[in-house]
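To keep things clear, I will list the structure first and then write my remarks on it.
Quick note: the coordinates plus some simple rules give every number you see, no bench work behind them. Fair warning: this is a prediction, and the values are worked out from it, not measured in the lab. Here the Cβ positions follow ideal geometry from the backbone for every residue, glycine too, while neighbour counts run over all protein chains shown.
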Amino acid sequence: MLDESFVGRALPSSPQYQVGREKIREFATAVGESSPLCHDVAAARAAGHPDLVAPPTFPVVFTMPRIEVLLRDPDFGWRFEGTVHGDQKISFSRPIHAGDELVTTVHVQSLNTRAGTHMLTLRCVVVASDGQPVCETEALLLSQAES
């Protein structure tokens with residue numbers, strides 16, 4: 001049984017995640033991003049960035065492990081097996097760069113059940129170590145309700 005009292009909660013913030021150059025390069029390669037801004041430090045700096053620029057979907061690397069903490073929490077009651085990612089939105093205050101130290105806070109936005117499917121909306125707020133906003137993500141996750 002899902003605990004609907006989680007709606008409206010913010011989970012404890014993550015430890016700092018340090019964005020690495022090789023992680024950006026590996027992720028960019030994996031998603032087919034060939035921009036030199038993601039692979040070549042000199043090109044990124046020539047374009048006015050302090051270091052490599054992460055592809056737009058890069059936040060999944062450090063937000064999904066935080067989301068999984070909630071989904072596997074027995075007190076929440078989510079059926080993790082069979083979870084489907086239904087939608088994803090990401091808005092940026094600034095690009096993510098190699099060397100950034102980021103902190104993520106997961107907010108439980110909504111939880112609904114329709115036609116035998118649980119629908120969970122989570123918002124992740126990502127800030128730099130100095131507290132400045134970097135990005136926000138919103139994810140819709142689906143799971144079959146217990147019969």
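Tell me, yes or no, whether segment 72-86 has at least one residue that is within 24 Å of residue 128 (Cβ to Cβ) and touching a Leu at 6+ places or on another chain (Cβ under 8 Å).
The first filter runs over segment 72-86 and keeps only residues within 24 Å of residue 128 (Cβ to Cβ), leaving none.
Within segment 72-86, none of the residues are within 24 Å of residue 128 (Cβ to Cβ) and touching a Leu at 6+ places or on another chain (Cβ under 8 Å).
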remark   = The condition from (1) part of a loop (DSSP other than H, G, I, E, B); (2) touching a His at 6+ places or on another chain (Cβ under 8 Å); (3) exposed (fewer than 14 other Cβ atoms within 10 Å of the Cβ); (4) not basic (Lys, Arg) that residue 78 misses is numbered (3)
remark   = Of the conditions (1) under 15 Å from the mean Cα position of the chain (by Cα); (2) outside any strand (DSSP E or B); (3) not aromatic (Phe, Trp, Tyr), the single one that residue 130 does not satisfy is (1)
key: Failed criterion for residue 33 (all others in (1) in contact (Cβ under 8 Å) with a residue 24 or more places away in the chain; (2) in a loop (DSSP other than H, G, I, E, B); (3) buried (at least 17 other Cβ atoms within 10 Å of the Cβ) hold)   = (1)
request  = Would you tally the residues in segment 90-124 being of a type in the set (A, V, I, L, M), surrounded by 13 or more Cβ atoms within 10 Å (Cβ to Cβ) and without any contact (Cβ under 8 Å) to a residue 24 or more places away in the chain?
outcome  = 0
note = Apart from one, (1) within 30 Å of residue 144 (Cα to Cα); (2) surrounded by 13 or more Cβ atoms within 10 Å (Cβ to Cβ) all hold for residue 49; the odd one out is (1)
